[in-house]
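Student: If you scroll down you'll find the structure; I have some questions about it.
Where a number appears in this text, it was derived from the coordinates with a stated rule and is not lab data. Keep in mind it's a predicted model, so treat the numbers as computed, not measured. Here the Cβ positions follow ideal geometry from the backbone for every residue, glycine too, while neighbour counts run over all protein chains shown.
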């Protein structure tokens, strides 16, 4: 009777012990799973932070590159490119014959020269160290030719012209050597000399202030959908 009672009391104790052990095992598994999840979450957060940092850096790099491209297109950056150099100087033969040699270039003659260079797809133009941009003004002030306020008062004058490549520079040189511009300059007692293509010519940045008085921001509704 005692033995039977002992067995009756003992059996529930064994079941409880087994249940507690199982609970401990399950709890340990859950803790390990939780620890693994936390580790994975931290790793994912670190990766996301790294991606965000790279994306931000990439955006900054793209913005900087775009800004530099815009500055270059606007003529606000110094560049080095293949091209040719045109030299404008007096015709000394005329001076020796008793006729006055050309002492300056007229605004109209300079404009015609620049228009011809642009027609031949000149990439960048510089006149007497002055970068030519879209808003450049060439005019006569007090009997002096000025380009954006810079006085062209003495000869010789160098006109530097950039091309896309050495091949394009060679084409540009050949076209200008065969151009009628030399005759037009000769009529004004000036000599126009065209150089052979050069692999590297440095073009200074535009140094004057760009006027934006007549510009205004475009409205979001203007321009239409593309």
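Student: Could you work out the relative contact order of the range 148-212? I mean the mean sequence separation of Cα pairs under 8 Å and 6+ apart, divided by the number of residues, in percent.
Tutor: Numbers: 27 pairs, mean separation 22.1, N = 65.
Reported relative contact order: 34 percent.
Student: Ranking 185, 92 by Cβ neighbours within 10 Å, fewest first, what do you get?
Tutor: 92, 185
Student: With labels modelled as points extended 7 Å from the Cα through the Cβ direction, what inter-label distance (nm, one decimal) is found for residue 80 paired with residue 59?
Tutor: Output for this residue pair reads 3.5 nm.
Student: Between rounded, prolate and oblate, where does the range 106-193 land on the alpha carbon gyration tensor, with a ≥ b ≥ c its root eigenvalues, rounded for a/c under 1.5, else prolate if a/b exceeds b/c?
Tutor: Oblate, because a/c is 1.5 or more while a/b does not exceed b/c.
Student: Just to verify a number: FRET efficiency for residue 209 and residue 177, C-beta to C-beta distance, R0 = 45 Å, to 0.05? Spell out each step's value before the answer.
Tutor: Numbers: r = 37 Å, r/R0 = 0.82.
According to the calculation, E is roughly 0.75.
Student: Separate question: How many nm separate the modelled label positions at residue 116 and residue 165, each set 7 Å beyond the Cα in the direction of the Cβ?
Tutor: 2.6
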